[in-house]
Amino acid sequence: MSTSLPIKLMLVEDERVVAFDLKNQLQSFGYVVGAMVASGEQALQRVAEVAPDLVLMDIHLEGKMDGVETATEIQLRHQIPVIYLTAYAEDDTLRRALASQPFGYLVKPWDARELHATIQMALARREVEVAVESSELRLKLAMEAASLGVFEWLPQFNRMRGDGHLGALFGDRPVPLDEAWDNFLVRVDDDDRDRVIASLSEALTCGSAVRIEFRTARTNDGPHFLEANVKAYPGTNAQRRVLGVLQDISERRRTEDRLRQSGVVFHSAAAAIAIVDVERRVAAVNAAFTRITGYSEAEAIGLDLDLLLRVQRGKQVGSEGFFGQLALAADGFWEGQVFCQRRNGESFPSWQSVSVVPSAAGKADNFVISFSDVSDIHLANEKLKHLAHHDSLTGLPNRLLFNDRFEQAIKLARRQKNRCLLLFLDLDNFKVLNDTLGHDVGDELLRVVARRLRDALRGNDTVARLGGDEFVLVAGSASPDYGAELARKLLDTLRAPVSLVGEEITVSVSIGIAVFPDDGRDVPLLMRAADIAMYSAKAAGRDRFRFYSLDMAERSNERLQIEQGLRRAIEMDDLQLHYQPQVSLAERRVIGVEALVRWPHPQLGMMPPARFIPIAEESGVIDSLGRWVLERACREVLGLHDDNGRQLRLAVNVSAREFTGDDFIATVSDTLVRTGFPATALELEITESTLQVIGRSVEILRELKALGIAISIDDFGTGYSSLSVLRDLPIDRIKIDRSFIHDVPENPQGIAIVEAIVALADSLRMDIIAEGIERPEQAASLLRLGCSGGQGDLFSRPIANPELVRLLASAAIGHEPGD
């Protein structure tokens, strides 16, 4: 079955005990019983309302109608499959049931699995039937739309069958048709009949497609011109048949005849044509001339065409000189762009060609002037020019135009011995928002940001969009103080909430500022400096600005080295995974592990995640890093068991970028299949910030839960989780952030916070794990507060896989609470 929705059934059974027992059996298989009725009359009344996928029908029912009559009516009216469930199997009953074309016939008593299989087979059969019916309908509609007829020639039976648009051959006779082949040939024109027979015979013998054009006999408002495309195909008993489509091409043939007869006139009529004498006086014009200029032939006859249309030929000589030179030219032809004026005074560009018509003596007798209105081309060129220099989404200047304006600003500043400023802006966390709410919403947000930036600038400042969520501003003749003032203004302007898709969305921006000539003397150097300063603003916490300084360049180079080194480490499999056990605080046994990535850098030693994870997220390397961690952890933990002999639970952290990626679900699913790790033993840890946009999160979480994967919220309490969001999301576990555990049990406020989180988790039926437990008194206090699980250095620091295996083999872990 292709459908994933619950299958809805209707039961028609007059014995209530049997009906309820059957209902329970069906529900145990996951079916939805939409209705139970006891008579055929009730079934016919309810079937349209319930709209079941399948009806289970007893034959002997209450009322006047028995099951066979009811099933026949249901099939006729609603095309819903019916399976008979009856204690009767006499020949007469079977014959009547067979006539109703049921999808199954089970004789009581039956096995529940047999019933389940019969239902599935019936639904599968109905699905195939519906697909076939839909396919036939599509084909019929397509033939109807194309005005095509279909025919089949069966030589062994000397028969012709047809369907579709065959009016040119058969007039008003109903279709489909089935008649003798000779009757078809009678309708073919006498002169074409032998050729049609020969072509069809050729198709029959050669097996290739053959195209035939022929005329019908002079009947049925004929003759008609028909086009047939035919091909021979094998039939039953190795007999061949010819299949093809027919189309009435009479109108096309008539059009082609008219086009051949008036080809020159037709092609010329698209442009305005005027015939003038040697004095440029109009002798004749065509309809296109009137359409383009607004002057009728009567108004134009006898007038100087150049004066009538106010023709301007640029730097060419005057009209008299132009036509005089053309009359003497060897080729007697000129073409080029001119500007003309319509009757209503509107000026328009046109492409004009002028040809000399020589007299018998070889002198110019007339001129044929042809021209077309190229206003649309001019407008298109202007639009293309604008598009070449502006961003199509926001209307702001693009990189090409910005670079030109920036160069001009630098030249002006150099000439005036002044400064100019470059501000590089990048929206914070835009990718998460774009992936979560959709690209249409992301595009609208970019348009809003562009409008706000444009409105916040001076008239002589320039703002441009480089692409994605990156914007740049250049402010000429400005001091660094103005740059700081402008940056603060932009930060405040962009913080204002934006109403999109019914939600108030707040966006922030990180700004880097470079100053000419202090930070560089050309565009590339200043762009690099502003970009480095922008990343420094992001590293400092986002939603702020930074001026470029030399030490930033060093940090930027280090960041680039870390990013490139991390890419190589992933590719060369140079990373490591350590695992920190998660324990039951009451029993002091390991219940799971959290996978933590480590990078033994060849020059810098063991690099902590806090140093390279943010760079991985900013650069996009986090996607490939996340895939590496998930697959390696699944392979290494597979086969490790807890004290109860079950597969050890594995927790893996997932970044917001990974979580909202289009291929995230497929990546997780494929990894589980590839590694063989059970989905029920996998737990994915996400942060509260990932859940800030609820719509996309719900969809992803539900797909993960459908796979059997558990979900936990990491660092709980450090974000801004909405209680309604937590209530509605399929979350399995909350991990209390270590910041709340640090001063427990000494700090009463910390205890109160833990108590609140535990109460919240209990009410939402979620498990709890406390992170960062380092002291026995912390573990004891957390256990008394109702926290069942924990992890931290008290029990074990993060350890490599071999050490984890040895630890799981030991009897206990950590210290008893109260020791």
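The values are calculated or read from the model by the stated rules, or taken from the named source; none is laboratory data. Everything numeric in this text was worked out from a predicted model, so none of it was measured. We place every Cβ from the backbone using ideal geometry, glycine too, and count neighbours over all the protein chains shown. The protein model used for the area step is the full one, side chains on, heavy atoms only, and it has no ligands, DNA or RNA in it. Shrake-Rupley method; radii C 1.70, N 1.55, O 1.52, S 1.80 Å.
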Looking only at the range 156-174, which residues are within 18 Å of Val230 (Cβ to Cβ), assigned to a loop (DSSP other than H, G, I, E, B) and either open to solvent by 50 Å² or more (accessible area, probe 1.4 Å) or modelled with pLDDT of 80 or more (or both)?
Gln156, Phe157, Asn158, His165
Tyr105 part of a loop (DSSP other than H, G, I, E, B) and among the hydroxyl-bearing types (Ser, Thr, Tyr):
no
Tell me the helices (runs of 4 or more DSSP H) entirely within the range 602-702 that contain at least 3 residues that are modelled with pLDDT under 90 and hydrophobic (A, V, I, L, M, F, W, C).
609-619
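Need a quick list: strands (runs of 3 or more DSSP E) entirely within the range 470-522 having at least 2 residues that are surrounded by 22 or more Cβ atoms within 10 Å (Cβ to Cβ). Break it down into steps so the answer makes sense when it comes.
Numbers: elements: 470-475, 498-500, 503-505, 509-516.
Filter on the range 470-522 gives 470-475, 509-516.
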Every pair of residues 6+ apart whose Cβ atoms lie under 7 Å, when the first sits in the range 397-413 and is of a type in the set (Gly, Ala, Ser) while the second is at pLDDT below 90 and surrounded by fewer than 17 Cβ atoms within 10 Å (Cβ to Cβ)
Ala413/Ser477
Looking at Ile301, Ile275, which one is within 26 Å of Gly362 (Cβ to Cβ), modelled with pLDDT of 90 or more, open to solvent by 60 Å² or more (accessible area, probe 1.4 Å) and out of contact with any helix residue (DSSP H, G or I) (no Cβ under 8 Å at 6 or more places or on another chain)?
Ile275
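Only one of these is open to solvent by 70 Å² or more (accessible area, probe 1.4 Å) and touching a Gly at 6+ places or on another chain (Cβ under 8 Å): Asp743, Asp767. Name it. I'd like the intermediate steps shown before the answer.
Numbers: Asp743 fails: open to solvent by 70 Å² or more (accessible area, probe 1.4 Å).
Selected residue: Asp767, the only one of Asp743, Asp767 that is open to solvent by 70 Å² or more (accessible area, probe 1.4 Å) and touching a Gly at 6+ places or on another chain (Cβ under 8 Å).
Do we find that Ile532 is buried (at least 21 other Cβ atoms within 10 Å of the Cβ) and in contact with a Ser or Thr (Cβ under 7 Å, 6 or more places away or on another chain) in this structure?
Numbers: buried (at least 21 other Cβ atoms within 10 Å of the Cβ): yes; in contact with a Ser or Thr (Cβ under 7 Å, 6 or more places away or on another chain): yes.
Here the answer is yes, as Ile532 does meet what is asked.
Take the conditions within 30 Å of Leu684 (Cα to Cα), in a helix (DSSP H, G or I) and either at pLDDT 85 or above or open to solvent by less than 70 Å² (accessible area, probe 1.4 Å) (or both) and apply them to Leu566. Does it pass? Explain how you work it out, then say what you get.
Working: within 30 Å of Leu684 (Cα to Cα): yes; in a helix (DSSP H, G or I): yes; either at pLDDT 85 or above or open to solvent by less than 70 Å² (accessible area, probe 1.4 Å) (or both): yes.
The answer is yes for Leu566.
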Tell me, please, whether a residue that is farther than 22 Å from Glu127 by Cβ and under 45 Å from the mean Cα position of the chain (by Cα) can be found in the range 47-65.
yes
Being of a type in the set (D, E, K, R) and under 14 Å from Leu393 (Cβ atoms), is that true of even one residue in the range 469-492?
yes
Every residue in the range 318-340 that is assigned to a loop (DSSP other than H, G, I, E, B) and either open to solvent by 30 Å² or more (accessible area, probe 1.4 Å) or charged (D, E, K, R) (or both), please.
Gly318, Ala329, Ala330, Asp331
For Ala651, which of the numbered conditions (1) under 35 Å from the mean Cα position of the chain (by Cα); (2) within 19 Å of Asp573 (Cα to Cα) fails to hold?
(2)
Please go through the range 406-435 and pick out each residue that is under 26 Å from Lys538 (Cβ atoms) and of a type outside the set (A, V, I, L, M, F, W, C).
Arg419, Asp426, Asp428, Asn429, Lys431, Asn434, Asp435
The one condition Gln561 fails out of (1) assigned to a helix (DSSP H, G or I); (2) closer than 30 Å to Val507 by Cβ is (2)
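Just to check your reading of the model, which residue among Ala380, Ala456, Ala388 is open to solvent by less than 30 Å² (accessible area, probe 1.4 Å) and either within 37 Å of the chain's Cα centre (by Cα) or modelled with pLDDT of 90 or more (or both)?
Values: Ala380 fails: open to solvent by less than 30 Å² (accessible area, probe 1.4 Å); Ala388 fails: open to solvent by less than 30 Å² (accessible area, probe 1.4 Å).
Going through Ala380, Ala456, Ala388 in turn, just one is open to solvent by less than 30 Å² (accessible area, probe 1.4 Å) and either within 37 Å of the chain's Cα centre (by Cα) or modelled with pLDDT of 90 or more (or both): Ala456.
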With respect to Glu617, determine if the residue is of a type in the set (Asp, Glu) and either within 19 Å of Asn557 (Cα to Cα) or without any contact (Cβ under 8 Å) to a residue 60 or more places away in the chain (or both).
yes
Would you be able to say whether some residue in the range 488-511 is of a type outside the set (Phe, Trp, Tyr) and over 37 Å from the mean Cα position of the chain (by Cα)?
yes
Looking at the range 341-458, what strands (runs of 3 or more DSSP E) fall wholly within it and have at least 1 residues that are farther than 30 Å from Leu494 by Cα?
347-358, 364-373
